[in-house]
Amino acid sequence: PDCTVDFGRELYVPWQLSEGRRLYTDIAYHNGPLSPYLNALWFAWFGVGLRTLVYANLVVATATLVLLYLLLSRIADRFAATLGCLTFATLFAFAQLTGIGNYNWICPYSHELTHGIFLSILCLMCLNGLGRPHGRWRGLLGGVCLGLVFLTKFEVFLAVAGASIVQTGSTCIAPGQRSWRRGLGNGAFVLAGALVPVVVAFGLLARIMPFEEALAGTAGAWRQVFKATNASSLFFRESMGLDQPVARVMTMLKATGAYGLLLGTAAGLALAGRRAGRRPGYMAPILFAAVAMGLILFRKSIPWVHLATPFPLIMVAAAAASGWMLWQDREDPMTAATNGLRLGFVTFAGALLLKMALNARLYQYGFALAMPAAMIVVTGLVRCIPAAIRRRGGMAPLFTAVALAAWTAAIVAHLIIMQSCLKAKPHVVGTGPDAFLADPRGTYLTAALDEIKNRTRPGQTLTVLPDGEMLAYLARLPNPTPYGQFNPHQVQTYGENQMLAAFRRTPPGLIAIVDADFAGYGYRLFGRDYARELNAWIQENYRQVALIGQPPCQGRGFGILLLERL
């Protein structure tokens, strides 16, 4: 994981929960309660440590892989499912495509994403049995999964809720006067199941906190949906591609054109083989080798960063095709169920892309949000399009050879990127079950940990600003304030005055200021561009005891400043 950005929260929060602190009252948290309490459970059972979370996340990634195989083999075939699973393992599960290593399924910047997507796929698989005898009980189980997703991240819930409505609604199109009643009954079972985990979560939270806080905690991230701040709106506009919509649309169209040129040529070649009256024979492997080698050799001139840019348009086309197939085969219950599952999964994949609609990507958020769409693209390339070519008498293996060559080149290109990202992390941070590799910032973190250890006494507390809960976690020092992150979005969300009041009420013994640049939020530096009052109070009440590297939050380079209360 990254040594300062985001992932420290994923360790610190469950560690503190396992020590008896309470989410939302003792620890400010803006997502649902499921993931932090689940990770706290792992810590309580197997010991506090990064290694514990890594093993737990390997289980989640493996379970997701199994679900993907079952789903893709049902809506396509086993070959497409195998290729999809290989894509998940190489491009998503263990991804290191940026300098920040938090965008993968083993050390995710937000466990709510990985847990939520796993539960979403499980939900869709359960709903696939609605049309079968006793299928409503599977619908009830699917509803339970849907309710659990509600307790993670709101964008994942919105996506799977829409997919669940589509998939449940697909049971209403079967011929017969009672189809609508059956569909409404199925929906009632799903809704009933969804309420169960939500009510249970509220009841558990209400036991340890006031009613209003328990209700707000159960809602999790939903509290922030209609409370967008200037910083967060700027950040998410750029993430969605709305900062430069015209340029983003042009990039999407160019990337789509590149897809069309390569695959259209392959389809034309395959259909031309029909007139030649020949079998593919040795032509397919030769074509595969030629295209794959060409793409790999010229990979540096190919903008792989835009590989997922056309995904939103592809999902629209896939949804239309899936809907048409569902309508055409509505009289066959088994085929209709499969088509309903396909349409539900495409809906889920497309809805997840809304957060980066004009800037779809495999890196950063794409490790989770673009993953289902990538599965649809892979299955379309090796199953759906070749099947259409075959129905028209074309030489489908020729198209498949080109598609596999492009897939191979994409995998190789991204593995090379991952290799360069991992080479930039030679420094070991932490010890024992907390050890991990980091870039040069890790040496500063290790030096800061040594300084903190020398100044630690019984009852010592530590707050890290503006981002870097990893330092507090590795030092095993609690933060006496509820706030663990002080980026512009968090400061505007919770209020600088409220944060300052918490510092005055329970001032930490030590404060570490870790260099961070939040240009993406429109406010670069802590204490200069935002949170000036909080920084002024710290300067008045604390004295410098150690400086590792450059003075932080001044734009001079990375550094960590350690302060001690006067």
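The values are calculated or read from the model by the stated rules, or taken from the named source; none is laboratory data. Because the structure is predicted, anything quoted here is derived from the model rather than measured. All Cβ positions, even for glycine, are placed from backbone atoms using ideal geometry, and neighbour counts span all protein chains on display. Remember, those area values only see protein heavy atoms, side chains included, never the ligands or the DNA or RNA. Shrake-Rupley method; radii C 1.70, N 1.55, O 1.52, S 1.80 Å.
Per DSSP helix of 4 or more residues, -39500 (n - 2.57); summed, then divided by the residues of the chain. What does that give at 222 nm, rounded to the nearest 500? Could you put the intermediate results ahead of the total?
Details: 24 runs with 343 residues, N = 566.
Theoretical 222 nm ellipticity from helices: -19500 deg cm²/dmol.
Here the accessible area of the chain is 64 percent carbon and sulfur, with a 1.4 angstrom probe and all protein chains present.
At a Cβ-Cβ separation cutoff of 4.7 angstrom, cysteine residues of the chain with no neighbouring cysteine are C3, C85, C107, C126, C172, C384, C421, C553.
The phi-based Karplus calculation (6.51 cos²θ - 1.76 cosθ + 1.60; θ = phi - 60°) puts the 3J(HN,Hα) values of segment 455-471 at 10, 7, 9, x, x, 5, 10, 8, 10, 10, 10, x, 7, x, 4, 4, 5 Hz, whole numbers, x for Gly and Pro.
Computed from the C-beta positions of R505 and A63, the FRET efficiency with R₀ = 56 Å rounds to 0.85.
Take D434, D329 and sort them by solvent-accessible surface of the protein heavy atoms, 1.4 Å probe, largest at the top.
Numbers: D434 15, D329 60 Å².
So, going from the largest accessible area down, we get D329, D434.
Binning the alpha carbon pair distances of segment 369-468 at 10 angstrom intervals from zero yields the distribution 12, 24, 19, 15, 14, 11, 5, 1, expressed in whole percent.
Report the full-extension gain for the segment F46 to V199: residue separation times 0.36 nm, less the Cα-Cα distance, to one decimal in nm. Provide the component values of the computation, followed by the final result.
Values: separation 153, 0.36 × 153 = 55.08 nm, distance 2.82 nm.
Extra length available between F46 and V199 comes to 52.3 nm.
Computed from the C-beta positions of L253 and W222 and an R0 of 30 Å, the FRET efficiency is 0.30 to the nearest 0.05. Taking amide H as placed 1.01 Å from N in the peptide plane, the amide H of L510 sits under 5 Å from that of T461, L462, T463, each at least 5 places away or on another chain. Projected label points at M334 and Q539, each 7 Å from Cα along the beta carbon direction, are separated by 7.4 nanometres. Each of the chymotrypsin sites (Phe, Trp or Tyr not before Pro) that DSSP puts in a loop and that has at most 13 other Cβ atoms within 10 Å breaks the chain; the longest unbroken stretch is 299-566. Listed by chain and number, the lysines placed with their C-alpha closer than 22 angstrom to that of K355 are K153, K227, K254; residues fewer than eight positions away on the same chain are left out.
Can you give the percent of C-alpha pairs in segment 311-362 whose distance is more than 11 Å?
So the portion of pairs separated by more than 11 Å is 66 percent.
The length gained on full extension between N454 and L262, counted as 0.36 nm times the residue separation minus their Cα-Cα distance, comes to 63.0 nm. Using a simple spin-label model with pseudo-atoms 7 Å out from Cα toward Cβ, D529 and L313 lie 3.3 nm apart.
Could you compute the FRET efficiency for W324 and Q550, with r as their C-beta to C-beta distance and R0 at 56 Å, rounded to 0.05? Intermediate results must be reported in sequence, preceding the final value.
Values: r = 60 Å, r/R0 = 1.07.
Computed FRET efficiency for W324 and Q550 comes out at 0.40.
A cut-off of 5 Å between modelled amide H atoms, ignoring neighbours fewer than 5 places along the same chain, links H427 with A438.
Which longest run of the chain has no exposed loop site in it, a site being trypsin sites (Lys or Arg not before Pro) in a DSSP loop with at most 16 other beta carbons within 10 Å, and the site itself not part of the run? Answer from the scan: 23-177. Taking 0.36 nm per residue of separation and subtracting the Cα-Cα distance, full extension of the segment from E496 to L184 would add 107.5 nm.
Treat the chain as a sphere of radius equal to its Kirkwood radius over Cα pairs and apply Stokes-Einstein at 20 °C in a medium of 1.002 mPa s; give the translational diffusion coefficient in µm²/s, rounded to a whole number. If you can, show how the numbers build up before the last one.
Values: Rh = 25.5 Å.
Approximately 84 µm²/s, per Stokes-Einstein.
Heavy atoms of the protein chains alone define the surface here; on that basis the chain has 43 Å² accessible area per residue at 1.4 Å probe size.
For a label point 7 angstrom out from the Cα of V428 toward its Cβ, which stretches of segment 1-31 have the backbone nitrogen within less than 17 Å? Residues passing the 17 Å test: 1. Taken over segment 456-566, the convex hull of the Cα atoms encloses 95 Å³ per residue.
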